[in-house]
Amino acid sequence: MSAVQRDYIERMIEQATQAIAQILQVVRAGDLDPAMILVDKTRDLVLGPMRPVLERVDAASAVDLVGKYELDRLRMFAALLGEEGAIHELRGRSTRAEQCYRRALELYAATSLAGAKLKAADWERIALLEPKVEAASIDGRYRVEVRRLAGRSAASHDENAGIVAT
């Protein structure tokens, strides 16, 4: 990957990270419609012209389509799906929320299996989302990886808590 491509991806990640923080603030304020608009706009930024395809294909196909050098796009997409799910959950749309959560977990698992380096925020989201999804509903290719990722997140959290406490 060229330096220009890497710079572009890093800027996109920074913009998406800022947008997710803004989405969280808007949701906490109870403004769910503007939050959903922010999710939608940020999804456009992250996925670009590939959005219609990436929203329809399974997680493994999404990994294949973006390629190993742009897996961060899928990490951001997964984070946005988690936020969208939270908005649906707050609106009482539990079925739609679980669909978003499941898709996010499958994307995290697929990107992890493809060699992506997950960040601390990813581990935290995985730990929050995993209990909200019926394990049997997760694509069989990803169940073990989702469990591993959720377990790693919990172990990391426990280690950090132990460090603070001592």
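Each value in this text was obtained by applying a stated rule to the coordinates, not by laboratory testing. The model shown is predicted, which means the values in this text are computed figures rather than measured ones. Virtual Cβ from ideal backbone geometry, glycine too; neighbours counted across all protein chains shown.
About its Cα centre, the dipole of the chain is roughly 200 debye, where the only charges are +1 on Lys and Arg Cβ and -1 on Asp and Glu Cβ. Dividing the summed -39500 (n - 2.57) terms of all DSSP H runs of n ≥ 4 by the residue count of the chain sets its mean residue ellipticity at 222 nm at -25500 deg cm²/dmol. Going from the fewest other Cβ atoms within 10 Å to the most, the residues Leu45, Leu129 appear in the order Leu45, Leu129. The packing ranking of peptides 98-109, 56-67, 130-141, highest mean first, is 98-109, 56-67, 130-141, where packing means the average number of other beta carbon atoms within 10 angstrom of each residue. Values (i) 16.4, 52; (ii) 15.7, 50; (iii) 13.5, 43 are given for comparison; Rg and Dmax of the Cα atoms in Å, derived from the coordinates here, is the one labelled (ii).
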